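A short worksheet on the structure shown next.
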Amino acid sequence: MDNLIARVAGAADITPGVARKAVALIGDFIQREAPEEAVRDLFEKAPAFRAIIASSTQTGGEGMGGGLKGLMGVAAGAMGGGGLMALGAELMGLGLGMDRSHANFDKALRRIIEASHAAGIPTTMHAVSSAEVSRMIDMGFDELVLTADIGVLRRAFAADLCSARAQIEERAHRPPGNTAAGESKSKASEAG
């Protein structure tokens, strides 16, 4: 068990504690979402995997059960927890980011798509920009969710931040005691 955790920690350049939690989350996902026979085979080949899952108090969603088991989840887990998108969110909660431009990211997606299609399961993915849609379709995804809301929020926040910085910069260059409120007070006293 510790050997697996050490290998994951070394490969991902993370602490053994984070590696254990990540492996437990992934194992819990597999245990809930994969066919029972495949899970049984996995635990026979790697009995320590079950202990890693059991050792974690932090595990994934409720699962989808029955015929709704899917590698990518249904509408990002909207039908009852679970799904790969929900797992991804939990892993990111551990500080494990996702570099979408890394070659291993595309390689992993292609393996997921291949396995899903072999099992007759449609694959769904989120595209973080409209420019990414073509790339995801070319990879073979059956459904895409355009998460433009993230981009909208990011752009709105950037605009607010630029406005705040401009106001700070403007005030930093005013002579001491010369504020908009002070100017209106002096104009009012001149008029009166």
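Listed values, structure above:
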quantity: Top-ranked residue in the range 113-133 [being hydroxyl-bearing (S, T, Y) and modelled with pLDDT of 85 or more; ranked as surrounded by the fewest Cβ atoms within 10 Å (Cβ to Cβ)]; calculated: S116
quantity: Members of the range 14-49 that are within 13 Å of L94 (Cα to Cα) and not small (G, A, S); calculated: I14, T15, P16, V18, R20, K21, V23, L25, I26
quantity: Close pairs (6 angstrom Cβ cut-off, 6 or more residues apart or separate chains): surrounded by 11 or more Cβ atoms within 10 Å (Cβ to Cβ) in the range 1-18, of a type in the set (K, R) anywhere; calculated: I5/R20
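The values are calculated or read from the model by the stated rules, or taken from the named source; none is laboratory data. If you're wondering where the values come from, they're calculated on a predicted model, not measured in any experiment. Here the Cβ is made from the backbone with ideal geometry for all residues, glycine too, and neighbour counts use every protein chain on show.
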